[in-house]
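This report concerns only the one structure given below.
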Amino acid sequence: MPIFTYTARTAQGEIRSATLEAASRDEVMAQLRRQKLTVIKVEEPSKAKLSGSIPMRDIVIFTRQFSTMINSGLPLVQSLDILSKQSENPTLQAVTRQVVFDVESGHTVADALAKHPNAFTELYVNMVAAGEAGGILDTILMRLATFMEKNDALVRKVKGAMLYPGVIMSVAGGAIAVLLIVVIPTFQNMFGSVGLALPFRPGSSSPSPSSSRATGGRSSWRASSGSRPSAATTRRRRGSSSSTDSCSAPRSSATCSASPPSPGSRGRSAPC
């Protein structure tokens with residue numbers, strides 16, 4: 001039976017809030033009137049708790065225990081009632097109580113579970129319906145528990161594998177943020193205090209003076225090194241210049257006097 005939470009006023013004007021187990025809301029109000037209480041509000045806390053999340057491990061434990069109880073010969077309603085009292089999760093406990101109430105009202109277990117999609121998936125509900133129709137509900141529940149355990153283990157492994165890259169990316173993002181927010185503005189203020197610009201200014205197409213000086217020095221060296229002649233060329237140039245100088249220089253008087261005169265030039269001096 002569901003548990004209702006009520007708020008009522010006594011004959012002395014005091015406000016009282018408590019819980020009461022009853023089959024319906026009308027029965028709760030009738031009991032409160034018999035106690036001479038003025039009903040202010042009556043609500044079912046289990047409906048408010050159904051919106052909470054239920055871990056997969058709790059569903060696995062619930063399914064395995066339910067299968068064991070059915071295999072041992074316990075009735076469905078008694079098995080569900082025991083599970084609702086043993087569950088440590090308040091949301092699953094409220095869901096199980098609702099399932100017990102629906103099964104006692106004449107619904108099948110699959111229909112009762114289908115009313116709580118946050119706790120039981122569509123696959124779970126359809127497998128339970130197939131187990132009820134075939135009379136092998138305990139076997140189906142055991143297979144469901146095994147499947148859900150493997151699925152939960154796989155999800156945990158994936159989360160564990162993604163933990164390290166996530167931490168690395170977070171640390172890298174934090175370091176980049178610190179560089180952009182703290183370090184670069186500090187260096188900008190330092191360069192600005194001495195009247196210098198940053199070596200690499202973001203968004204500027206013209207290079208800084210230091211980089212232009214370095215580039216100019218390299219280009220001048222390349223130009224000078226490219227126009228420098230080789231050693232063989234230098235030796236050839238020196239040889240040609242020496243031969244030209246020897247031919248163009250005037251001959252000495254000794255050379256001119258040593259040369260014999262030609263037969264037709266008697267009495268004439270031989271030209272140099």
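The values are calculated or read from the model by the stated rules, or taken from the named source; none is laboratory data. Everything numeric in this text was worked out from a predicted model, so none of it was measured. A quick note on method: Cβ atoms are made from the backbone with ideal geometry, for glycine too, and the neighbour counts reach across all protein chains shown.
Looking at this structure, is T5 of a type in the set (V, I, T), surrounded by fewer than 20 Cβ atoms within 10 Å (Cβ to Cβ) and outside any helix (DSSP H, G or I)? First the steps, then the outcome.
Details: of a type in the set (V, I, T): yes; surrounded by fewer than 20 Cβ atoms within 10 Å (Cβ to Cβ): yes; outside any helix (DSSP H, G or I): yes.
For T5, the condition - of a type in the set (V, I, T), surrounded by fewer than 20 Cβ atoms within 10 Å (Cβ to Cβ) and outside any helix (DSSP H, G or I) - is met.
Output the qualifying pairs, or none if there are none: Cβ atoms under 7 angstrom, residues six or more apart or on different chains, first residue in region 63-92 and farther than 20 Å from E104 by Cβ, second residue of a type in the set (G, A, S).
T63/A145; R64/A145; S67/A145; T91/G52
Could we say that Y124 is exposed (fewer than 10 other Cβ atoms within 10 Å of the Cβ), assigned by TED's automatic domain parsing to the domain that holds F66 and among the aromatic types (F, W, Y) here?
Working: exposed (fewer than 10 other Cβ atoms within 10 Å of the Cβ): no; assigned by TED's automatic domain parsing to the domain that holds F66: yes; among the aromatic types (F, W, Y): yes.
Criteria not met by Y124.
Just name the residue that is surrounded by the fewest Cβ atoms within 10 Å (Cβ to Cβ) out of those in region 66-86 that are under 19 Å from L144 (Cα atoms) and polar (S, T, N, Q).
S72
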